[in-house]
Amino acid sequence: MILSIESSCDDSAIAITEIDTKKILYHKKISQEAEHCVYGGVVPELASRLHAVALPEILAETKPYFSQLKAIAVTNQPGLGVTLLEGIAMAKTLAVLLNIPLLPIHHLKGHIYSLFIEKDSLLPLLVLLISGGHTQVIRVESFERMEILATSMDDSIGESFDKCAKMMGLGYPGGPLVEALAKEGDEDRFDLPVPLRNSPLIAFSLSGLKNAVRLKVEACGGKENMSHQDRADLCASFQKAVKLHLLQKSKKIFEKEDIKDFAIVGGASANQYIRDAYQGLCAKFGKTLHVAPLEYCSDNAAMIGRYALDAYAKELFIDPDIIDIVSTKKQCSGMLL
Ligand code: KG4
Ligand code: ZN
């Protein structure tokens, strides 16, 4: 069995995965949404302190598995430095005390492998990764070769949902709140710009759209003076602009890439409106759409454990003395993940 730890942002999670069967024998996640909600976003120092309490609490439940563990896996990039360190400290200690190898795991590769939890992997694959930290299209040729085809030049999709929700006074995390409210709204009421609509760039950008939402909130007299219907209409109009942006750029990629399997992963992939839109685009291009089970779209340790199974088979171990967080470099299209 492999014990995997995830603490890259505001979720503390641990999973136990059986190596031979790929089965998840244990998975628990403690989210910090309620604590960060008052600030309208994640406060790194607070997140770090909450991990220091939650991770040992979860770990205590996994003690019965300790004698059967063959490796410890931990997210070491990308993420918030102070929260990654909490998971790494625990993983290092366990690896040394139990005298078993340590596997460093890339969080985004974990999101991709959320598609393969308790299953064999399906590669090659084109992946749209939409989370709180990233918006990327990745060509996943193999375990070793994952190439970024497009990335956001500024905010990520999840972040833009969170910020727009904050501007309207909806709470945190904004994604599910905006999606739910949008169902009651008129998506054609507010005229919002579709980002990079006339640009040949195959890239994403959300900051201009976010600013356009801010101006609409002001035009409604500020968040305090918006009616329920104003909010619902603005959520729906914003979500429509995000959808059109994603589809326009994805279409350009679909025209070039003939890989038949396409997947959406990451926290924002839970959005049914976006899933439905991609179902239509995939049908047009003869591609099959794949998504992870809802419980594994947002951050979790099961996806880290699933990626760790393949990393373990390839013996991609790291010395506990040298494991550290890997600082995120600027990611551009053409780069390998
Ligand atoms: O993958 P994730 O849990 O964390 C990162 O790796 O960043 O993604 C969290 C993000 C948050 O920004 C959240 O608002 C967004 O995913 N999200 C959604 C939905 N559910 C979660 N965004 C849009 N629609 C949703 N239904
Ligand atoms: Zn994530």
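The values are calculated or read from the model by the stated rules, or taken from the named source; none is laboratory data. The structure displayed is predicted, hence computed values, not measured ones. Note: ideal-geometry Cβ built from the backbone for every residue, glycine included; neighbour counts use all protein chains shown.
The number of residues in segment 243-269 being of a type outside the set (D, E, K, R), away from ligand 2 (no atom under 16 Å from the Cβ) and assigned to a strand (DSSP E or B) comes to 1. Of everything in segment 101-152 that is closer than 24 Å to I2 by Cβ and small (G, A, S), the residue that is nearest to ligand 1 (Cβ to nearest atom) is S131. Pairs are defined by a Cβ separation below 8 Å, a sequence spacing of at least 6 or placement on different chains, a first member in segment 82-105 that is modelled with pLDDT under 95, and a second member that is of a type in the set (A, V, I, L, M, F, W, C); no pair meets this definition. Taken over segment 117-136, the criterion of being within 16 Å of ligand 2 (Cβ to nearest atom) and not in a loop (DSSP other than H, G, I, E, B) is satisfied by V127, L128, L129, I130, T135, Q136. On the stretch given as segment 1-43, residues that are at pLDDT 95 or above and in contact with a Cys (Cβ under 8 Å, 6 or more places away or on another chain) total 0.
With respect to A311, determine if the residue is of a type in the set (A, V, I, L, M, F, W, C), assigned to a helix (DSSP H, G or I) and surrounded by fewer than 16 Cβ atoms within 10 Å (Cβ to Cβ).
So A311 does not fit the description; no.
On the stretch given as segment 6-33, residues that are assigned to a strand (DSSP E or B), more than 14 Å from ligand 2 (Cβ to nearest atom) and not charged (D, E, K, R) total 9.
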